[in-house]
Amino acid sequence: MSRLDSFIRRVRAQRACLNHAAELIKDMPGPLLELGLGNGRTYDHLRELMPQRDIYVFDRQLAAHADCIPPREFLILGDGRKTLRTMWGKIPHAAALAHVDIGTGDVRENQRLAAELMRLIAPLMRQNSVVVGDPSIDLPGWHPLPLPTGVRKGRYHIYRLSLGPSRARPAASPPPERHPFQSPCVSEIARAGLKAGDVPPSTVLADIDPPSLC
Ligand SMILES: C[S@@+](CC[C@H](N)C(=O)[O-])C[C@H]1O[C@@H](n2cnc3c(N)ncnc32)[C@H](O)[C@@H]1O
C-alpha cells in the first residue's frame with residue numbers, strides 16, 4: 001500500500017472514530033481534550049461536531065492553520081508530559097472525551113509516549129468517558145470498544161474508561177501549587193500571527209525548551 005493510501009485510510013479511520021465517539025458521549029457533560037493540535041485538522045472536526053463543548057488543546061508547539069488555532073485560554077503549549085499535570089487541579093475528572101494524536105514518525109517512541117500520556121490524562125477524565133487515539137494502550141480500567149463500521153481493527157482505537165479511585169490519579173506528583181505556565185517565546189507568537197501584547201503570560205506556552213523550538 002502506498003504511503004498516500006495508508007494516510008487516507010488513517011484519516012478516514014480517525015474521522016469515523018471521532019464521529020462515533022461524539023455519539024457515545026452525547027449525553028455526558030464535560031469538555032473535550034485534544035492531544036496533538038498539529039495543523040488543526042482533528043481539532044477543527046471536533047469543534048464542528050460538538051460546537052457547544054469546551055476543547056482543551058495540547059501540543060508541544062503551535063503550527064496549526066491560522067483558522068484552527070484554539071482560543072488562547074484553551075491552548076496549552078508545552079510537552080504534554082508536563083502540561084497535562086498542570087490541568088489536574090483545574091478540570092479534575094471533568095472531560096467526557098479525549099483524542100490522543102500525539103507523536104512523531106517513530107512508531108516505538110509514539111507507543112512509549114502514548115502510554116505515558118494516557119496515564120496522565122486519566123485524572124482529567126470522567127468515569128465512563130471515552131478516549132480515542134493511536135497507538136493502542138493496555139492499562140487497567142481502559143476497555144477497548146468496538147470500532148465503527150469500515151475501520152479495520154488496529155488502525156485506530158477507542159476506549160471506555162472505568163477508573164477506580166486508586167487508578168484515577170497517579171500516586172506521586174500532586175498538582176503543582178504554582179501555575180507553571182510561562183511567557184511564550186517570540187517566534188511562537190509570530191507563528192500564531194499575534195503580537196507579543198496579545199498573549200497574556202499566563203495562558204499559553206508552558207515549559208517550552210527555547211533552544212529547540214525558538
Ligand atoms: C500527528 S500530529 C497531530 C495532528 C493533528 N491531530 C491534526 O489532525 O492536525 C502530532 C502532534 O503531536 C505533537 N507532539 C509530539 N510530542 C509531543 C509531546 N511530548 N507533547 C505535546 N505534543 C507533542 C507534535 O508537535 C504534533 O503537532
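Only the coordinates and a few stated rules stand behind these numbers; no lab work does. Just so it is clear, the model here is predicted, and its values are computed rather than measured. Note: ideal-geometry Cβ built from the backbone for every residue, glycine included; neighbour counts use all protein chains shown.
Overview of values
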quantity	calculated
Exposure proxy order (Cβ contacts within 10 Å, fewest to most) of Cys68, Cys17	Cys68, Cys17
Estimated FRET transfer efficiency when R0 is 41 angstrom, pair Ile91-Arg12 (beta carbons, to 0.05)	0.85
Under 5 Å, built H, 5+ apart or other chain: amide partners of Ala94	Met125, Arg126
Burial ranking of peptide ranges 37-50, 144-157 (average Cβ count within 10 Å, highest at the top)	37-50, 144-157
Whole-Hz ³J(HN,Hα) from phi, Karplus 6.51 cos²θ - 1.76 cosθ + 1.60, for region 54-65, glycine and proline x	6, 10, 8, 10, 10, 7, 5, 8, 9, 9, 7, 4
Mean-position separation - Cα centroids, region 19-94 and region 126-150, in angstrom	17 Å
Potential extension, Ser136-Ser2 segment - 0.36 nm per residue separation minus Cα distance	46.0 nm
Compactness relative to 2.2 N^0.38 Å, alpha carbon Rg of region 53-166	1.07
